[in-house]
Every structure is written in structure tokens, then in C-alpha cells.
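I have placed the structure first, in the form of C-alpha cells, so that the comments after it can refer back to it.
The values are calculated or read from the model by the stated rules, or taken from the named source; none is laboratory data. Computed from a prediction, not measured in an experiment: that's the story for all the values here. Cβ sites come from the backbone with ideal geometry, for glycine too, and all protein chains shown count toward neighbours.
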Amino acid sequence: MNVMILGASGFLGSHLCSFLKIKNTILRCGRNKNNDIVLKKIDQKKFSKILKKYTPDVIINLIALTNVDLCEKKRKKAEKINSGIVKTISQSVNQSKLTKKIFLLQISTDQVYSGEGPHKENSVKPINAYAATKLSGEKYIKKIKGCVIRTNFFGKPLNNGKQGISDWVFRSLKKGENISVFKNVKFSPLSIISLCKYIEIIINKKIPGIYNLGSKNGLSKAKFAINFAKKLKLNTKLLKIVDYKKEQLIAKRPLDMRMNINLFEKRFKIKLKSLNSEINLISKQYKAIDEIKN
């Protein structure tokens, strides 16, 4: 299967390319020269030519402006990237006469939810520009019967790029630094390892729709950090347990992003694991890296 990954150089993109290349032909698309297709800018005419030339079976779009505070400050830029690019990709697929052949998978976010969770797919309520622009992009995927997954993930980056919550906790505690973790913010992310496996299942089954894809139950970010640190025998006394307050950051953050994952489990016939199971999975990865360094 020919799989085109847009945003292939990022955190998730680098993991996906490494995982999917075992059974698929991967076309890496991104802004730097390490990609198979260098795309500094996506416009419909140019992208339509690329589709005609490479005829992918699957397109996975990971392109996004994910800095929540930057999205709030630069709303037009957020709209252009998080919604406008999705529109361009969808229209290019639709007009290329390859609509029935190409399956388009869009990676969205759990930040589209607010209020008390776990949230079902139809209970969206974005409270910041990042969430609103990501949600806006979803409607273009729906029009061409593609698939949207709302998710959140953590794990060890394959390069020295952006670090996620687990890397931040790990690096900070290893350095002996005190960090603040929120006890009133809840989420239900997946390990990057599990997410890659589920994405492979999605692109093989090609079931259209919008789905929550996360771990069962979820935890507060403080509890996540504590459990993760304990697994790696790091000093949990360095974790300062605090409440998130909206004035601490530019953009408002939802306090409960936990997702109801029943629809995904039913449609794809998969039983998703608890967040503690996902933490266990990633902890082994960090332990192995730590042992090599020592």
C-alpha cells in the first residue's frame, strides 16, 4: 500500500514512517529536504499534480499548528494551517478523480472538548483557537468520507524535536528540577507505540467517520506524571501538584479532555487499554534508553 504522510518530519510523523514502512511504501512529505516530497506550501494545483504523479492509496495529514498559545495570538495563521490546508487537501483528492481510491486520514485533537468527560464524539465545545480551527478542518474530511481521529499521545521522540509530556517529566526529574503538574486537568492519551499500531489498523480497514482514539478512563496530568515517575524510579518529590488557572497561560485550556472511546472500539472491533497500561508501555522504552546511557 502506498501511504503518503504529510508532516512526516514531526513527532508523530517520524514514528509513523518508521512503523508503517515495514509493510507499506511510504511517501514522506514535509518542509525539509529529508522528505521524499518537499512541500514548502500546499496549494490545490500543486498538490493535485503530486496526487496524479504518486497516486497514493492513503494520505495521513499530520500538518498542524499545535502551539495552543500561538494559535490564540495568531488566529488567521491557525485557521490557514489547521483548517485551510485540510480543505485544500480534501478538494484536491475530490477533484483528482481518485476519491474512491484515496483514503484520507486526518489527525485531530482531544482539545475540541471541554466540560466534564468522558466526552462522546458529538459533544464538542472548543474553548480556544487551536481547538476551534482543528474542529473546523474536520468537516472537509467528512465531505469526502475520510476518517478523523481525535487523539492525544505521549512518548519518546525519535529526533531532538518537540518534546511531549513524558519527555518533559523525564528530562526535568533526571536533572533534579522541580516542575508543576496540574491536578485539575484530565486527559486520556495513548502511547505513541499504540497510536501507530491503531493508525495502521485504521488505514487497512478504511472505515470513514469521526472517532475518539485514546486510553480507557484517563487520569489527571498530575497523576500521570506521578505514575510515570514512579515506574522509572524518579524523584516524585520534585513534582509540585497545583491547579491550573486560566490566567497562567494565554489561551484557555479545557479541564477535562477525557474521551469516550466506545464508538472506535465497536467499529474497529478493538479493546483499548487503560492509561496506566500505556504508561507501562512507554516506561519500558525510557528504561531501555536510560540503561544504554549508563
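Scan the stretch 35-51 residue by residue and report those that are more than 17 Å from V3 (Cβ to Cβ) and surrounded by 12 or more Cβ atoms within 10 Å (Cβ to Cβ).
Start the filter on the stretch 35-51 by keeping residues that are more than 17 Å from V3 (Cβ to Cβ), which leaves 38, 40-46, 48-49.
Scanning the stretch 35-51 gives V38, I42, Q44, K46, S48, K49.
Go through the stretch 195-225 and count every residue that is part of a helix (DSSP H, G or I) and of a type outside the set (D, E, K, R). Quick ask: steps written out before the conclusion?
Step one: filter the stretch 195-225 for residues part of a helix (DSSP H, G or I), giving 195-205, 221-225.
Within this subset, residues satisfying the condition of being of a type outside the set (D, E, K, R) are 195-196, 198-199, 201-204, 222, 224-225.
Counting residues in the stretch 195-225 that are part of a helix (DSSP H, G or I) and of a type outside the set (D, E, K, R) gives 11.
Just the residues that are touching a Phe, Trp or Tyr at 6+ places or on another chain (Cβ under 8 Å) and closer than 11 Å to S108 by Cβ, please, taken from the stretch 137-165.
Residues satisfying the conditions are C147, V148, I149, R150, N152.
With respect to E121, determine if the residue is of a type outside the set (S, T, N, Q) and either on the phi > 0 side of the Ramachandran plot or surrounded by fewer than 18 Cβ atoms within 10 Å (Cβ to Cβ) (or both). First the steps, then the outcome.
On the way: of a type outside the set (S, T, N, Q): yes; either on the phi > 0 side of the Ramachandran plot or surrounded by fewer than 18 Cβ atoms within 10 Å (Cβ to Cβ) (or both): no.
No, not satisfied.
Could you tell me whether the stretch 127-147 includes any residue that is farther than 28 Å from E265 by Cβ and either within 14 Å of the chain's Cα centre (by Cα) or among the hydrophobic types (A, V, I, L, M, F, W, C) (or both)?
Taking every residue of the stretch 127-147 in turn, at least one turns out to be farther than 28 Å from E265 by Cβ and either within 14 Å of the chain's Cα centre (by Cα) or among the hydrophobic types (A, V, I, L, M, F, W, C) (or both).
Here are the criteria: (1) more than 25 Å from A129 (Cβ to Cβ); (2) among the small types (G, A, S); (3) surrounded by 14 or more Cβ atoms within 10 Å (Cβ to Cβ); (4) under 19 Å from the mean Cα position of the chain (by Cα). Tell me which single one G10 does not satisfy.
(1)
Kindly provide the set of residues from the stretch 11-30 that are out of contact with any Leu (no Cβ under 6 Å at 6 or more places or on another chain), closer than 20 Å to I81 by Cα and small (G, A, S), ordered by number.
G30
Return yes or no: is K230 within 20 Å of K175 (Cβ to Cβ) and either touching a residue at least 40 places away in the same chain (Cβ under 8 Å) or more than 18 Å from the chain's Cα centre (by Cα) (or both)? I'd like the intermediate steps shown before the answer.
Working: within 20 Å of K175 (Cβ to Cβ): yes; either touching a residue at least 40 places away in the same chain (Cβ under 8 Å) or more than 18 Å from the chain's Cα centre (by Cα) (or both): yes.
Criteria met by K230.
Residue under question is K33, and the condition is that it be under 22 Å from I141 (Cα atoms) and outside any strand (DSSP E or B); does it hold? Spell out how you get there, then give the answer.
Values: under 22 Å from I141 (Cα atoms): no; outside any strand (DSSP E or B): yes.
No: the conditions fail for K33.
For the structure I just gave you, tell me whether K101 is outside any helix (DSSP H, G or I) and either under 24 Å from V185 (Cβ atoms) or more than 16 Å from the chain's Cα centre (by Cα) (or both). Don't jump to the end; show me each part of the working.
Values: outside any helix (DSSP H, G or I): yes; either under 24 Å from V185 (Cβ atoms) or more than 16 Å from the chain's Cα centre (by Cα) (or both): yes.
Taking the combined requirement at face value, the residue satisfies it.
From K162, K156, grab the single residue that is in a loop (DSSP other than H, G, I, E, B), buried (at least 19 other Cβ atoms within 10 Å of the Cβ) and of a type outside the set (D, E). Walk me through it before giving the result.
Details: K162 fails: buried (at least 19 other Cβ atoms within 10 Å of the Cβ).
Just one listed residue meets the conditions, K156.
Would you mind telling me which numbered condition in (1) in contact with a helix residue (DSSP H, G or I) (Cβ under 6 Å, 6 or more places away or on another chain); (2) surrounded by fewer than 18 Cβ atoms within 10 Å (Cβ to Cβ); (3) at pLDDT 95 or above K237 fails?
(1)
Given the criterion on the phi < 0 side of the Ramachandran plot and at pLDDT below 95, identify the matching residue among L51, L62, L70. Give the derivation first.
Values: L62 fails: at pLDDT below 95; L70 fails: at pLDDT below 95.
None of the others qualify; the one that does is L51.
Given the residues K40, K49, K76, which is the only one that is in a loop (DSSP other than H, G, I, E, B) and among the basic types (K, R)? Give the derivation first.
Values: K49 fails: in a loop (DSSP other than H, G, I, E, B); K76 fails: in a loop (DSSP other than H, G, I, E, B).
Answer to the check: K40.
Could you list, in sequence order, all residues of the stretch 52-74 that are surrounded by fewer than 19 Cβ atoms within 10 Å (Cβ to Cβ) and either among the aliphatic types (A, V, I, L, M) or farther than 23 Å from L135 by Cα (or both)? Spell out the reasoning first.
To start, the set of residues in the stretch 52-74 that are surrounded by fewer than 19 Cβ atoms within 10 Å (Cβ to Cβ) comprises 52-55, 57, 66-67, 69-70, 72-74.
If the condition is that a residue be surrounded by fewer than 19 Cβ atoms within 10 Å (Cβ to Cβ) and either among the aliphatic types (A, V, I, L, M) or farther than 23 Å from L135 by Cα (or both), then K52, K53, Y54, T55, D57, L70 are the ones that fit.
Let me spell it out: the conditions are (1) in a helix (DSSP H, G or I); (2) within 18 Å of Q44 (Cα to Cα), and Q106 meets all of them except one. Which number is the exception?
With respect to (1) in a helix (DSSP H, G or I); (2) within 18 Å of Q44 (Cα to Cα), Q106 is out only on (1).
Among the candidates K77, K97, which residue alone is modelled with pLDDT under 95 and over 13 Å from K134 (Cβ atoms)? Step through it out loud before you land on a result.
On the way: K77 fails: modelled with pLDDT under 95.
Of the residues listed, the single one that is modelled with pLDDT under 95 and over 13 Å from K134 (Cβ atoms) is K97.
Yes or no: the stretch 173-190 includes at least one residue that is in a helix (DSSP H, G or I) and either in contact with a Phe, Trp or Tyr (Cβ under 9 Å, 6 or more places away or on another chain) or crowded, with 18+ Cβ neighbours inside 10 Å (or both).
Here is the first cut: in the stretch 173-190, the residues in a helix (DSSP H, G or I) are 173-174.
Among the residues that remain, those that are also either in contact with a Phe, Trp or Tyr (Cβ under 9 Å, 6 or more places away or on another chain) or crowded, with 18+ Cβ neighbours inside 10 Å (or both) are: 173.
Yes, the stretch 173-190 contains a residue that is in a helix (DSSP H, G or I) and either in contact with a Phe, Trp or Tyr (Cβ under 9 Å, 6 or more places away or on another chain) or crowded, with 18+ Cβ neighbours inside 10 Å (or both).
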